[in-house]
Amino acid sequence: MAISYVHMLRSATTFHKSNLSFSSYDKRRRTHTLAMQSSDRNIVTDLKVDTLLESIKWDDKGLTVAIAQNVDTGAILMQGFANREAVATTISSRKATFYSRSRSSLWTKGETSNNFINVHDVFLDCDRDSLIYLGKPDGPTCHTGSETCYYTPVLDLLDEKQAEGSRSALTSLYALESTISQRKAELVGGNGKPSWTKRLLQSDKLLCSKIREEADELCQTLENNEDKSRTASEMADVLYHAMVLLALKDVKVEDVLQILRQRFSQSGIEEKKSRAPKKPEEN
C-alpha cells in the first residue's frame, strides 16, 4: 500500500486571514502575531518532515529509490535515487529532486532543461524503502527527448524484433490513443490499409452520429437494467469514438484528465457557473 504524506503537511502550512479592520497599532501587533504563528507552523512542518524522513528505510549509503510518475497519465517517467535532503527539498519546493551518485550532489530534474516535474504528492511504499514523486512534467523527461525514460520493450528485444522508433510503456487507454494517431498519420501520408478509424476520421458527420448513437445505447443499459458487461461494452464504444474526435481536434487524453483533476476540489455546480458562455451561432 502506498501512503501519501504531502497532504498531511499542508494543514500545518496554511492559515486563513480574517476580514476584521484594525488600527495602526493593532495591525502591527497582528502582523507580529501572524509572523510568530507562521514561524510556529514552519517548526511544526519541519518536525513532521523530520519524522517522515526518519520512517524511511534508507540503504547503507543513505539513499532510497525515487520514481517519478505522471499524475494524469500514470506513465512512469524516470527512476533515480534520493537522500533525506532530496526528499525534503522535493516536499518544500514541489519540484522532483534526486541525489546524483556520480556527482555526489543533489539535482532537480529540469534545472538545466527547464523540463521540471511539478510534484503534486509523494507516496511511500508499504515497506518504506522506495517512493513515488507523483507530478506533472513540463516537457520530455528523458535526455533523449522521449516523454519517459521507458521506451524499450524487453519482449521485442528477446524476439529480436526491430523496434520502429520508440515505443513507450503505454496502458490500454494510451495505446488506443497511439493507434488512432497512427491511423490519422497514415491518412496524411496516403498509406496503410483501410480501417473503420480512418473512415471516422474522414467524415465528421459519421463520427458525430456514432458518438450520439453509442451514448444513447450506453444510457439504455441503465434504463433497461442491462447487466454490467453490457454497460462496460457500450462505454468502450463511447470512449473509442470520442477519442477519434479528440484526435481530429488535436486534443490529448492527458489534457482531458488534467481538467478532471483540476475539478476534483471544485463543486460541479460552481464549475459550470464559471464556464464562459457559448458564442451564439451566426445565421
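Under 13 Å from residue 78 (Cα atoms) and open to solvent by 80 Å² or more (accessible area, probe 1.4 Å): which single residue out of 160, 147, 111 fits that description? Show your work before the answer.
Values: 160 fails: under 13 Å from residue 78 (Cα atoms); 111 fails: under 13 Å from residue 78 (Cα atoms).
Of 160, 147, 111, the one residue that is under 13 Å from residue 78 (Cα atoms) and open to solvent by 80 Å² or more (accessible area, probe 1.4 Å) is 147.
Among residues of region 136-159 that are under 14 Å from residue 170 (Cβ atoms) and in contact (Cβ under 8 Å) with a residue 24 or more places away in the chain, those with a beta-carbon under 7 Å from a residue that is hydrophobic (A, V, I, L, M, F, W, C) and exposed (fewer than 15 other Cβ atoms within 10 Å of the Cβ) at least six positions away or on a different chain give the pairs 150/169. Listed by first and then second residue, the pairs linking a residue in region 56-69 that is touching a residue at least 40 places away in the same chain (Cβ under 8 Å) to a residue that is aromatic (Phe, Trp, Tyr) and not in a loop (DSSP other than H, G, I, E, B), with Cβ atoms under 6 Å apart and 6 or more places separating them unless they lie on different chains, are 66/98; 68/133. For region 96-135, a tally of residues being among the aromatic types (Phe, Trp, Tyr) and in contact (Cβ under 8 Å) with a residue 60 or more places away in the chain returns 2.
So, residue 227, is that one of a type outside the set (Val, Ile, Thr) and more than 29 Å from the chain's Cα centre (by Cα) or not? So residue 227 passes the test. Cβ-Cβ distances below 8 Å connect the following pairs, each with a first residue in region 182-211 that is under 14 Å from residue 241 (Cα atoms), a second residue that is polar (S, T, N, Q), and a separation of six or more residues or different chains: 183/195; 183/197; 197/179. If you go through region 186-203 and keep only what is surrounded by 11 or more Cβ atoms within 10 Å (Cβ to Cβ) and over 16 Å from residue 238 (Cα atoms), you end up with 186, 187, 192, 195, 198, 199, 202, 203.
Evaluating residue 62 against the criteria (1) buried (at least 16 other Cβ atoms within 10 Å of the Cβ); (2) touching a Lys or Arg at 6+ places or on another chain (Cβ under 9 Å); (3) over 24 Å from residue 169 (Cβ atoms); (4) at pLDDT 55 or above leaves one unmet condition, (1). Within region 65-100, restricting attention to residues that are of a type in the set (Val, Ile, Thr) and in contact with a strand residue (DSSP E or B) (Cβ under 6 Å, 6 or more places away or on another chain), which residue is surrounded by the fewest Cβ atoms within 10 Å (Cβ to Cβ)? Looking at the filtered set, the residue picked out is 65. For the structure I just gave you, tell me whether residue 261 is open to solvent by 60 Å² or more (accessible area, probe 1.4 Å) and assigned to a helix (DSSP H, G or I). No; evaluated as a whole, the condition is false for this residue. Kindly establish whether residue 191 is at pLDDT 95 or above and part of a loop (DSSP other than H, G, I, E, B). So residue 191 does not fit the description; no.
The values are calculated or read from the model by the stated rules, or taken from the named source; none is laboratory data. All figures in this text were calculated on a predicted structure; none of them were measured in a lab. Backbone-built Cβ (ideal geometry, glycine too); neighbour counts: all protein chains shown. Heavy atoms of the whole protein, side chains included, go into the accessibility calculation; ligands, DNA and RNA do not. Shrake-Rupley method; radii C 1.70, N 1.55, O 1.52, S 1.80 Å.
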